[in-house]
């Protein structure tokens with residue numbers, strides 16, 4: 001189910017997403033490649049979810065629920081990669097940005 005999303009709602013959704021952009025850039029310059037890859041996947045899925053909200057998709061709509069599930073799954077994978085990196089098993093040569101992409 002979709003509803004007409006007003007300009008104020010679109011602005012709110014866009015502004016709520018804003019801090020994610022800075023974190024995205026921070027991850028790409030400080031994290032090893034496996035973490036960056038998982039971070040990018042989670043970021044893209046969250047952005048897609050935001051876009052659905054901006055289109056007027058409601059929280060009980062199957063499109064929203066699917067997008068939320070996709071994001072939650074991507075976030076879980078990111079957390080696993082981050083934990084593995086912290087334990088020194090990330091496979092990306094450790095942290096410090098050597099494996100990150102611009």
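The values are calculated or read from the model by the stated rules, or taken from the named source; none is laboratory data. The model shown is predicted, which means the values in this text are computed figures rather than measured ones. Every residue, glycine as well, gets a Cβ built from its backbone with ideal geometry; the counts of neighbours run over all protein chains shown.
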With respect to residue 8, determine if the residue is assigned to a helix (DSSP H, G or I), at pLDDT below 80 and surrounded by fewer than 18 Cβ atoms within 10 Å (Cβ to Cβ).
-> yes
Out of all the residues in the range 43-55, is one or more in contact (Cβ under 8 Å) with a residue 12 or more places away in the chain, within 28 Å of residue 6 (Cα to Cα) and not in a helix (DSSP H, G or I)?
-> yes
Just one listed residue, out of 79, 101, 45, is at pLDDT 95 or above, loosely packed, with under 15 Cβ neighbours inside 10 Å and closer than 17 Å to residue 23 by Cα, and it is 79
Filter the range 24-36 down to residues that are touching a helix residue (DSSP H, G or I) at 6+ places or on another chain (Cβ under 8 Å) and part of a helix (DSSP H, G or I) and give me whichever is farthest from residue 86 (Cα to Cα).
-> 24
